[in-house]
Structures are given as structure tokens and as C-alpha cells.
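Here is the structure we will look at, set down as C-alpha cells.
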Amino acid sequence: MTALLTLYVLIWPVIVLGVLAVIVRAFVKEWRQAKREGRSII
């Protein structure tokens, strides 16, 4: 049981980092496209 709990605690930050990386990458892509087209991202 302790090993499962340890694995759970260690895996969560990796999952969160992966999701955050996907969101940031998509935002940067949209931002560059908007900048190239001369429009506001908001």
C-alpha cells in the first residue's frame, strides 16, 4: 500500500506538468499566429 501511495504522489506532478506544457504550447502557438496576423489575442 505504501508503494502505491508513493507512486501516486510522485506521478501527480508529472501529469500536471504535462498538462501545463500542452496548454502553454497551444497558447504560444495562438499568440504567434495572432502577432503575425496583426490582431489581438484577447
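Every read-out reported here was derived from the displayed coordinates using simple, explicitly stated rules and does not represent laboratory data. Everything numeric here is computed off the predicted structure, so don't read it as measured data. FYI the Cβ positions are ideal-geometry reconstructions off the backbone, even for glycines, and counts take in every protein chain you see.
Here is a yes/no grid of residues against (1) surrounded by 10 or more Cβ atoms within 10 Å (Cβ to Cβ); (2) part of a loop (DSSP other than H, G, I, E, B):
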site: Leu5; (1), (2): no, no
site: Leu10; (1), (2): no, no
site: Ile15; (1), (2): no, no
site: Ala21; (1), (2): yes, no
site: Ala26; (1), (2): yes, no
site: Lys29; (1), (2): yes, no
site: Ala34; (1), (2): yes, no
site: Ile41; (1), (2): yes, yes
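Just to be sure I understand the filter: pairs with C-beta atoms under 9 Å, separated by 6 or more residues or on different chains, first member in region 1-30 and under 19 Å from Ile41 (Cβ atoms), second member surrounded by 10 or more Cβ atoms within 10 Å (Cβ to Cβ) and hydrophobic (A, V, I, L, M, F, W, C). Which pairs pass?
Phe27/Ile41; Glu30/Ile41
Within region 21-41, can one find any residue that is hydrophobic (A, V, I, L, M, F, W, C) and touching a helix residue (DSSP H, G or I) at 6+ places or on another chain (Cβ under 8 Å)? Show your work before the answer.
Looking only at region 21-41, we keep the residues that are hydrophobic (A, V, I, L, M, F, W, C), and these are 21-24, 26-28, 31, 34, 41.
Of the ones still in play, those that are also touching a helix residue (DSSP H, G or I) at 6+ places or on another chain (Cβ under 8 Å) are 41.
Yes, that holds for at least one residue.
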